[in-house]
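Asker: The structure follows.
The values are calculated or read from the model by the stated rules, or taken from the named source; none is laboratory data. All figures in this text were calculated on a predicted structure; none of them were measured in a lab. Reconstructed Cβ throughout: ideal geometry from the backbone, glycine too, with neighbour counts over all protein chains shown.
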């Protein structure tokens, strides 16, 4: 890539309309360095900031506006540093924005799940988890048993979290393994142990 007089010129060239091939060429040159070069990563971020600002407007997160900005910037940096240049050399800006949007969605979903199952297992939580299920349903009964087992100190919160995520909130073992960096076999083993503790509590 030919030298530019300053970073502002680089950003302007990337953002210039009507020259997608040139924008891709510049972005790819920066992205090939971004994994180890903070300046290159920040330049890509600045060049795509209009799109990232649009994500900040639409991204739903419980917290302050500063929390939203932080979440979007962190996700953007993650995708910039890991962008597969050789595999996806075209439509680079659109790909980065879409990758960041998907990462935010996954992170938001994970945060909602964790918030539900890491808050104290109160009656309010019980009602929230059982919402939408008929009174007396198997799901509501399971939630009730797990809550009581935790309250009676017969089941650790981590075990309750695992049961509720996979048995009530429809999170697959594979999804949970991917999110935690564990093996699916390990997740299933932990769940069996937790469910055994619930069975003991019931007995």
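Asker: Conditions first: (1) modelled with pLDDT of 95 or more; (2) under 17 Å from residue 78 (Cβ atoms). Residue 24 passes all but one, so which condition is the exception?
Answerer: (2)
Asker: Just give me the residues in region 42-93 being in a loop (DSSP other than H, G, I, E, B) and in contact (Cβ under 8 Å) with a residue 60 or more places away in the chain, in sequence order. Before the answer, list the steps.
Answerer: Step one: filter region 42-93 for residues in a loop (DSSP other than H, G, I, E, B), giving 48, 59-64, 82-91.
Scanning region 42-93 gives 89, 90, 91.
Asker: For region 168-190, give me the residue count where each residue is touching a helix residue (DSSP H, G or I) at 6+ places or on another chain (Cβ under 7 Å) and modelled with pLDDT under 85.
Answerer: Qualifying residue count for the region: 6.
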